[in-house]
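Asks: Structure provided below as structure tokens; questions to follow.
The numbers here are math on the coordinates, done by the rules we state, and not lab data. This is a predicted model, so every value here is computed, not measured. Heads up, the Cβs are rebuilt from the backbone with ideal geometry, glycines too, and the neighbour counts pull from every protein chain shown.
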Amino acid sequence: MKTVVSGIRPTGKLHLGNYFGAVKSFLQMQETHNAFFFIADIHSLTTHPTPADLHSNVHQVLAEYLAMGLDPEKCTLFVQSDVPQISELYTYMNMNAYLGELERSASFKEKVKTQRNNVNAGLLTYPVLMAVDILIHKADVVPVGKDQEQHLEMTRDFAKRFNHMYGVQCFNEPEAYSRTGKLVKVPGLTNNGKMSKSGGEGDAIFFDDEEKVTHKKIMRAVTDSGPETMNQEKPEAIQNLFDIMSLVSSTDTVDHFDALYNKCEIRYGDFKKQLSEDVLKFISPIRERIQDIKEDKSYLQQVTQAGAEKAKSSAEATLKEVREIIGFRRFY
Ligand code: AMP
């Protein structure tokens, strides 16, 4: 059975982009793979969250993962910081990662521009920690969004380099996995990039927002004065709304509004009302489960403890091998 590893940073609530870009693949892969899914809380330290925020964000994502259907009986669901072996392997792998390649990473270059006052070493070595998350469980496949493609390439480089340096076949070279054969990008409601937490007020549809907040966001999504010629191409903002609709609505509904658009008869108010209704139909049951699960502290304790044990045992097996390969051999 092939092994899959993937995680999400706990930087707030999860949105439709996280679900369709990542969690939906997790749900399928927990059925078919030896699956490790985690909450990347060590990664999130690069942005310096307060201790209270860090904990509540981990709590939030954990409840959301479970509410969306991740099943601790089928996958290993764990919190990254519960597995100290990750930090140990990160120390070793940092010795074989070079400044030039780390500085060339697109995400590092972007952070240097966007968070000039906090260009910490953790940001620079972020791809090493990500590689360790994957390599420590000897993953074969990693479901990632387009934005992570380069990091996976670096993971393969680090794995090859380690194997070559010590003349071993310790690490696999994991492949990117995409459910549809194409890496998914869910658009946002307000900007023309991908849906994201940092996309600004009203951009992301969060699972744990109140229904009226979600409804308002959708009704406020910018449209235009409507199509003027039959079968004209849709401008990006309109296409984005259709793209979101195709994720949550039936094909009949999408076809219905598409036909109205093509005949220049679409009324955006009706279109957005339908979109809001279908989005809420999709997220509301999950939202209710999030609330219940969040309050069930003993269940969360049991899930994270069992996940930590399984993840530690898998990580320790790799680390034992790595320590031996490197030359850490005990005298006692
Ligand atoms: P982030 O919230 O940026 O840490 O992303 C967590 C996971 O969700 C990663 O696997 C991303 O590739 C995926 N993801 C985030 N936003 C989107 C989006 N708008 N479309 C598709 N995938 C996304």
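Asks: Give the residues of segment 253-292 whose amide nitrogen is closer than 12 Å to a point set 7 Å from the Cα of M219 in the direction of its Cβ.
Replies: Output list for this probe position: 269-270, 272-274, 276-277.
Asks: Which of these, V213, V248, V279, has the largest mean-square fluctuation under a Gaussian network model of the chain (Cα springs below 10 Å)?
Replies: Maximum among the listed residues: V213.
Asks: Tell me which aspartates and glutamates have Cα within less than 13 Å of K212's Cα, excluding those fewer than 8 residues away on the same chain?
Replies: E277
Asks: Nearest 500 deg cm²/dmol is fine: what mean residue ellipticity at 222 nm does the chain get from its DSSP H runs of n ≥ 4 alone, each adding -39,500 (n - 2.57), divided by its residue count? Let's see the in-between values first.
Replies: Numbers: 13 runs with 177 residues, N = 332.
Rounded to the nearest 500, it is -17000 deg cm²/dmol.
Asks: Sort segment 112-237 into rounded, prolate or oblate with this rule: let a ≥ b ≥ c be the square roots of the eigenvalues of the Cα gyration tensor; rounded if a/c is under 1.5, and if a/c is not under 1.5, prolate when a/b is larger than b/c, oblate otherwise.
Replies: Working: a/c = 2.77, a/b = 2.08, b/c = 1.33.
Judged from the Cα gyration tensor, segment 112-237 comes out prolate (a/c at least 1.5, a/b above b/c).
Asks: A follow-up question, please. If the viscosity is 1.002 mPa s and the temperature 20 °C, what Stokes-Einstein diffusion coefficient in µm²/s follows for segment 197-291 when Rh is the Kirkwood radius over Cα pairs?
Replies: Reported coefficient: 153 µm²/s.
Asks: In segment 197-291, with Lys and Arg counted as +1 and Asp and Glu as -1 at Cβ, which of these residues, G199, T253, I290, has the Cα nearest the positive end of the dipole, that is, farthest along it?
Replies: It is I290, whose Cα lies furthest towards the positive end.
Asks: List the equivalent ellipsoid semi-axes of the chain in whole Å, largest first, each obtained as the square root of 5λ for an eigenvalue λ of the Cα gyration tensor. If you can, show how the numbers build up before the last one.
Replies: Values: eigenvalues 310, 97, 67 Å².
That gives 39, 22, 18 Å for the three semi-axes.
Asks: Comparing A308, A52, A259, which has the greatest mean-square fluctuation in the GNM of the chain with Cα pairs linked when under 10 Å apart?
Replies: A52
Asks: Which entries in K146/K217; K113/K272; K194/K216; K109/K185; K2/K160; K24/K273 show an alpha-carbon gap greater than 31 Å?
Replies: Checking Cα-Cα distances, K113/K272 exceed 31 Å.
Asks: Let me ask you something else. Can you tell me the dipole magnitude for segment 1-145 around its Cα centre, using point charges on the Cβ only (Lys, Arg +1; Asp, Glu -1), in Debye to the nearest 20? Provide the component values of the computation, followed by the final result.
Replies: Numbers: 11 positive and 13 negative charges, 97 e Å.
Using only the charged Cβ atoms, the result is roughly 460 debye.
Asks: Moving on to the next point. Within the chain, what percent of beta bridges assigned by DSSP are antiparallel, to the nearest 5? Mind showing how you got there, number by number?
Replies: Numbers: 2 of 16 bridges.
Antiparallel: roughly 10 percent of the beta bridges in the chain.
Asks: Along the Cα-to-Cβ line of T91, 7 Å from the Cα, sits a label point; which residues in segment 311-325 have backbone N less than 16 Å from it?
Replies: Zone members listed by number: 316, 319-325.
Asks: What's the extension gain from N163 to E316 if we count 0.36 nm per residue and subtract their Cα-Cα distance? Walk me through the numbers before you get to the answer.
Replies: Numbers: separation 153, 0.36 × 153 = 55.08 nm, distance 1.83 nm.
That pair, N163 and E316, stretches by 53.3 nm at full extension.
Asks: Right, something else. For the pair N231/E265, report the inter-label distance in nm, with labels modelled 7 Å from Cα in the Cβ direction.
Replies: About 1.7 nm, to one decimal.
Asks: Could I ask something else about it? With charges set only on the Cβ (+1 for Lys and Arg, -1 for Asp and Glu), what does the dipole of the chain come to about its Cα centre, in debye to the nearest 20? Working shown, then result.
Replies: On the way: 40 positive and 45 negative charges, 156 e Å.
With only Lys, Arg, Asp and Glu charged at Cβ, the dipole is about 740 debye.
Asks: Which is farthest toward the positive dipole end of the chain among G327, V119, N57, measuring Cα position about the Cα centre, with Cβ charges +1 (Lys, Arg) and -1 (Asp, Glu)?
Replies: G327
Asks: Quickly work out the S56-to-K109 label distance, labels modelled 7 Å from Cα along the C-beta direction, and quote it in nm with one decimal.
Replies: Label at K109, label at S56, 3.7 nm between them.
Asks: Between E201 and L99, what FRET efficiency follows from the Cβ-Cβ distance if R0 is 35 Å, with the result rounded to 0.05? If you can, show how the numbers build up before the last one.
Replies: Details: r = 38 Å, r/R0 = 1.08.
Efficiency for this residue pair is about 0.40.
Asks: Counting only complete DSSP H runs, which helices of the chain cover 15 Å or more along their long axis at the Cα atoms and score a mean Kyte-Doolittle of 0.0 or above? Each step should come with its number before you reach the end.
Replies: On the way: long enough: 51-68 (26 Å, 0.17); 84-94 (16 Å, -0.55); 149-166 (26 Å, -1.32); 236-248 (18 Å, 0.96); 251-262 (16 Å, -0.61); 268-295 (39 Å, -0.79); 297-326 (41 Å, -0.54).
Qualifying helices, which must be both long enough and hydrophobic enough, are 51-68, 236-248.
Asks: Follow-up question, since we're still on this one. For T251 and E210 in one chain, what is 0.36 nm times their gap in residues minus the Cα-Cα distance, to one decimal in nm?
Replies: On the way: separation 41, 0.36 × 41 = 14.76 nm, distance 2.65 nm.
The span from T251 to E210 would gain 12.1 nm if fully extended.
Asks: A follow-up question, please. Name the most mobile residue of R179, R267, R161, meaning the one with the largest mean-square fluctuation, in a Gaussian network model of the chain with Cα contacts below 10 Å.
Replies: Result for the chain, Cα springs under 10 Å: R267 fluctuates most.
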